[in-house]
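First the structure, in the form of structure tokens, and then the observations on it.
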Amino acid sequence: MKDELDERTLDEAVRGDAPARLALVRRYAVLVLPLVTRVVGASSSDRFELAQESFVRALLNLSRFDRSRGVRFSTWISTIAVRVAIDHVRRRGRVVSLDTLRASGRAPEEEVADADETGLDDKREAERLRRAMLELSPEHRAILVLRCEAELSREEIARELDLELGTVKSRLSRARDALRSAVRGAARRAEGT
């Protein structure tokens, strides 16, 4: 996230200032909700509650945010949001499948019916990628979301998830392989072969 909350507002939020805390939530809601949605799936009715829970946890632990480590606030809150979403998926004991998406009646073609041909292809590819992400395990989804969506470095992911750098690298590699395989499978299904 390019525009971090200014230091003064962050300091006031740490001290418990309600308007500063509200500014913090408003500033980072555009980051937290999409991250949670990527992990639990767009069809999950829990995604708004999970985003809210992420903010509650962040606000309760705001005094623990340590700027001296060189961590951006967006990195810190992204990590909290992804952990909350992963915990939710684990508690539920399920991952949203393609069958669930199909049963929900969501047809990507209907959403993009008015798009031009190039835009339609791009949107279909984006929809295939979104569906493929939902086939991944929560851990794979989370590490890809932190790397690609939150734009965290491997070192930041390791530090925030309390993992060894080698573990992060191997999980990223496995997650990318799994995503590649899921995208290929989705493409084959779309082609009808």
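Before we move on, is SER173 modelled with pLDDT under 85 and open to solvent by 20 Å² or more (accessible area, probe 1.4 Å)? Show your work before the answer.
On the way: modelled with pLDDT under 85: no; open to solvent by 20 Å² or more (accessible area, probe 1.4 Å): yes.
No, not satisfied.
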Item to complete: Determine if region 154-163 includes at least one residue that is among the small types (Gly, Ala, Ser) and part of a loop (DSSP other than H, G, I, E, B).
Response: no
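Out of the residues in region 66-84 meeting the condition of being touching a Phe, Trp or Tyr at 6+ places or on another chain (Cβ under 9 Å) and closer than 20 Å to ASP11 by Cβ, tell me which one is most open to solvent (accessible area, probe 1.4 Å). Lay out the reasoning, then the answer.
First, the residues of region 66-84 that are touching a Phe, Trp or Tyr at 6+ places or on another chain (Cβ under 9 Å): 66-67, 71, 73-74, 76-78, 80-81.
Retained after the next criterion (residues that are closer than 20 Å to ASP11 by Cβ): 66-67, 71, 73-74, 76-77, 80.
On the way: ASP66: 63, ARG67: 85, VAL71: 14, PHE73: 8, SER74: 4, TRP76: 34, ILE77: 0, ILE80: 29 Å².
Once the filter is applied, the top-ranked residue is ARG67.
Assess whether LEU146 counts as being buried (at least 17 other Cβ atoms within 10 Å of the Cβ) and not in a loop (DSSP other than H, G, I, E, B).
Details: buried (at least 17 other Cβ atoms within 10 Å of the Cβ): yes; not in a loop (DSSP other than H, G, I, E, B): yes.
For LEU146, the condition - buried (at least 17 other Cβ atoms within 10 Å of the Cβ) and not in a loop (DSSP other than H, G, I, E, B) - is met.
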Discussion item. Looking at ARG27, ARG38, can you tell me which residue is assigned to a helix (DSSP H, G or I), of a type outside the set (Val, Ile, Thr) and more than 14 Å from VAL82 (Cα to Cα)?
Written reply: ARG27
Worksheet item: Limited to region 15-65, what total is found for residues that are open to solvent by 10 Å² or more (accessible area, probe 1.4 Å) and touching a residue at least 60 places away in the same chain (Cβ under 8 Å)?
Response: 5
Discussion item. If I filter region 64-104 down to residues being part of a helix (DSSP H, G or I), under 22 Å from VAL183 (Cα atoms) and in contact with a Pro (Cβ under 7 Å, 6 or more places away or on another chain), which single residue comes out as modelled with the lowest pLDDT?
Written reply: VAL89
Fill in: Search result, residues across region 49-64 that are farther than 14 Å from VAL30 by Cβ, within 20 Å of the chain's Cα centre (by Cα) and hydrophobic (A, V, I, L, M, F, W, C)
LEU50, VAL56, ALA58, LEU59
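The values are calculated or read from the model by the stated rules, or taken from the named source; none is laboratory data. All values reported here derive from a predicted model rather than from experimental measurement. A quick note on method: Cβ atoms are made from the backbone with ideal geometry, for glycine too, and the neighbour counts reach across all protein chains shown. When the accessible area is computed, the model is the full protein with side chains, heavy atoms only, and any ligands, DNA or RNA have been set aside. Shrake-Rupley method; radii C 1.70, N 1.55, O 1.52, S 1.80 Å.
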